[in-house]
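Report on the structure given below.
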Amino acid sequence: MHIIVIGAGIVGMTSAYYLASKGYQVTVVDAMPGPGLSTSKANGAQLSYSFVAPLAEPAVLPKLPSWLWARDSPLSLRLCADPAQWRWCLAFLAACRSGVSRRTTEELLALGAYSRRKMHELVRAETLDFDFSQSGKLLVYQDQHAFESAKTQVAYQAALGSEQQVLSADACLAQEPALQAIAPRIRGGIMTHSEDAGDCLRLCRELERVLRQGAVPVTFLYDTEVTRLERQGDAIIGLRTTTGSLRADAYVIANGVQAQALARQANLNARIYPLKGYSLTYALTAESRAPRVSVSDIHSKIVYARLGNRLRVAGMVDIGDGAAKLDARRVASLKRAVLRFFPELHPVGEPQAWAGLRPARPDSKPLIGGTAVRNVWINAGHGALGFTLAAGSAALLADRIAGEPGALADTLFAP
């Protein structure tokens with residue numbers, strides 16, 4: 001069977017990998033000139049399998065007013081006359097209910113654990129150069145109330161199989177000495193040793209190399225935007241693209257934010273909306289006081305991941321700005337946050353700034369499985385968790401397409 005995977009980001013590339021491993025003939029199509037050049041290009045670089053709690057949770061609600069109007073807020077809302085935005089925001093608020101948020105957390109933790117297993121299998125099976133490290137992740141709290149709430153969450157996740165440590169302020173410094181400059185502000189931390197980090201763009205490129213050399217080589221068509229699904233009866237008979245028509249036996253929609261429009265043509269409202277995020281990549285020297293473990297500044301909602309001699313910093317959520325271009329004000333805000341958190345970083349020159357659009361669903365749960373059209377499948381809507389959940393999502397999708405038993409219940413994440 002010939003399958004076309006639409007999208008060459010990390011979700012599309014891992015989907016192609018697991019489909020090819022089952023013996024399918026696979027073609028990957030993407031509008032960009034190479035793999036991983038959209039949302040996957042410079043994301044947060046953390047593989048946070050145990051930190052997959054949805055963005056929509058009860059604790060968000062009381063913070064929304066201050067977040068929406070503060071100049072350096074981690075979340076910014078730009079209201080516009082877009083019915084899709086309003087519907088998404090209303091669905092997001094509904095997903096903030098405690099019962100909904102708790103169920104979603106349980107499901108995402110299950111997918112996160114499976115994704116960790118599949119990622120480690122992938123790293124063992126292939127020779128991949130993408131600055132992969134199993135350094136663990138440290139959440140740093142500067143507010144006592146937030147720290148106490150985090151302890152409750154640790155106890156809850158322990159019942160679901162997560163292994164995490166509650167650390168005192170001194171223990172945080174012992175775990176990550178680069179935090180010494182802000183020692184008086186630290187109230188405590190949560191350490192999870194099972195978390196990883198890596199360069200998502202480089203992994204996409206490495207997967208392309210592996211797939212081109214496979215027993216059944218995967219074909220890649222770049223600079224090719226899919227504009228329409230050509231339907232006949234209960235099936236899709238081809239794709240209309242900017243370079244001509246393409247035909248296959250089945251199709252996988254895995255192109256991030258653009259998946260919303262294509263899924264509509266398969267009678268599926270995926271409820272995917274773009275949430276803009278930013279990152280900075282700093283070059284380091286031997287004298288740089290940079291963290292070795294992945295760190296999350298809970299107060300500012302900013303993550304830090306070490307990639308060899310670079311430090312990736314990511315944060316911000318902009319709702320209503322659907323353009324993947326840099327906002328100088330937000331970039332400056334992110335730089336100030338880095339200076340406050342790691343004042344002795346001393347990098348080489350200015351960081352490389354980037355902005356991308358996360359394909360987010362209101363409840364943060366991706367869609368993985370078949371659609372109402374019999375030969376169209378979807379693997380999209382991962383929001384900020386695309387890198388973290390990619391391997392597990394792709395393996396799950398491949399099992400479902402093959403009609404084989406999967407690691408998770410068939411109903412989980414099904415459209």
Note to self: Compute, for the chain, the length of the dipole vector about the Cα centre, with Cβ point charges of +1 (Lys, Arg) and -1 (Asp, Glu) only. Units Debye, rounded to 20.
What the structure shows: 700
Check: Using only Cα atoms, what is the ratio of the radius of gyration of the stretch 55-135 to 2.2 N^0.38 Å?
Finding: 1.57
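Quick one: compute the contact order of the stretch 333-404, relative version, from alpha carbon pairs under 8 angstrom and 6+ residues apart, as a percent.
Relative contact order comes out at 24 percent.
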Next item on the list: Could you order R306, R271 by accessible surface area, starting with the largest, using a probe radius of 1.4 Å?
Entry: R271, R306
Next item on the list: Go through the stretch 232-241 residue by residue and turn each phi into a ³J(HN,Hα) via Karplus (6.51, -1.76, 1.60, θ = phi - 60°); whole Hz please, and just put x for glycine and proline.
Entry: 9, x, 9, 9, 9, 9, x, 10, 8, 10
Next item on the list: For R228, enumerate residues with amide H under 5 Å from its amide H, sequence gap 5+ or separate chain, H modeled in the peptide plane.
Entry: R240
Notebook entry, point to check: Which residues' amide hydrogens lie under 5 Å from the amide hydrogen of F220, considering only partners 5 or more residues apart or on another chain, with H built in the peptide plane?
Noted result: V28
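Please report the antiparallel percentage of DSSP beta bridges with both residues in the chain, rounded to the nearest 5.
Just about 70 percent of them are antiparallel.
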Next item on the list: Sort out for me the Cα centre separation of the stretch 69-101 from the stretch 204-276, rounded to whole Å.
Entry: 28
Note to self: Tell me the carbon and sulfur percent of the accessible area for the chain, rounded to whole percent, probe radius 1.4 Å.
What the structure shows: 52
Note to self: Explain nothing, just compute: Karplus ³J(HN,Hα) = 6.51 cos²θ - 1.76 cosθ + 1.60, θ = phi - 60°, for every residue of the stretch 173-188 in order, whole Hz, x for Gly and Pro.
What the structure shows: 5, 5, 6, 9, x, 5, 8, 3, 5, 10, 3, x, 8, 7, 9, x
Next item on the list: Take the alpha carbon gyration tensor of the chain, find the square roots of its eigenvalues, order them as a ≥ b ≥ c, and report rounded if a/c is under 1.5; if not, report prolate when a/b exceeds b/c, else oblate.
Entry: prolate
Checklist line | Where the chain is the region considered: accessible area per residue in Å², 1.4 Å probe | finding: 42
Note to self: Just to confirm a number: summing +1 for Lys and Arg and -1 for Asp and Glu over residues other than W354 whose beta-carbon lies under 14 angstrom from that of W354, what do you get?
What the structure shows: +4
Check: Using θ = phi - 60° and the Karplus curve 6.51 cos²θ - 1.76 cosθ + 1.60, what whole-Hz ³J(HN,Hα) does each residue of the stretch 216-223 get, with Gly and Pro shown as x?
Finding: 10, x, 7, 9, 10, 10, 9, 6
Check: Counting Lys and Arg as +1 and Asp and Glu as -1, what is the net charge of the other residues whose Cβ lies under 12 Å from the Cβ of S288?
Finding: +2
Margin query: Checking the a/c ratio against 1.5 first, then a/b against b/c, what shape does the Cα gyration tensor give for the stretch 1-52?
Written below: oblate
Item checked: the stretch 101-192: C-alpha gyration tensor shape, a/c 1.5 cut-off, then a/b vs b/c -> oblate
Next item on the list: Select from the stretch 86-195 those GluC sites (Glu not before Pro) which occupy a DSSP coil region and have at most 16 other Cβ atoms within 10 Å, ordered by residue number.
Entry: E126, E163
Next item on the list: Treating cross-link reach as a plain straight distance, find the lysines whose alpha-carbon is under 21 Å from the alpha-carbon of K365, omitting any fewer than eight places away in the same chain.
Entry: K118, K276, K301
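What does the charge count around S149 come to, taking other residues whose C-beta lies under 13 Å from its C-beta (Lys +1, Arg +1, Asp -1, Glu -1)?
Charge balance near S149 sits at 0.
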Notebook entry, point to check: Of T39, L90, A56, which is farthest along the charge dipole of the stretch 39-150 in the positive direction, counting Lys and Arg as +1 and Asp and Glu as -1 at C-beta?
Noted result: L90
Next item on the list: Can you pull the one-decimal nm distance between simple spin-label points at K151 and E126, each 7 Å off the Cα toward Cβ?
Entry: 4.3
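The values are calculated or read from the model by the stated rules, or taken from the named source; none is laboratory data. Quick caveat: nothing in here was measured; it's all calculated off a predicted structure. Note: ideal-geometry Cβ built from the backbone for every residue, glycine included; neighbour counts use all protein chains shown. Accessible surface is based on the protein model in full, side chains and every heavy atom, while ligands, DNA and RNA are left aside. Shrake-Rupley method; radii C 1.70, N 1.55, O 1.52, S 1.80 Å.
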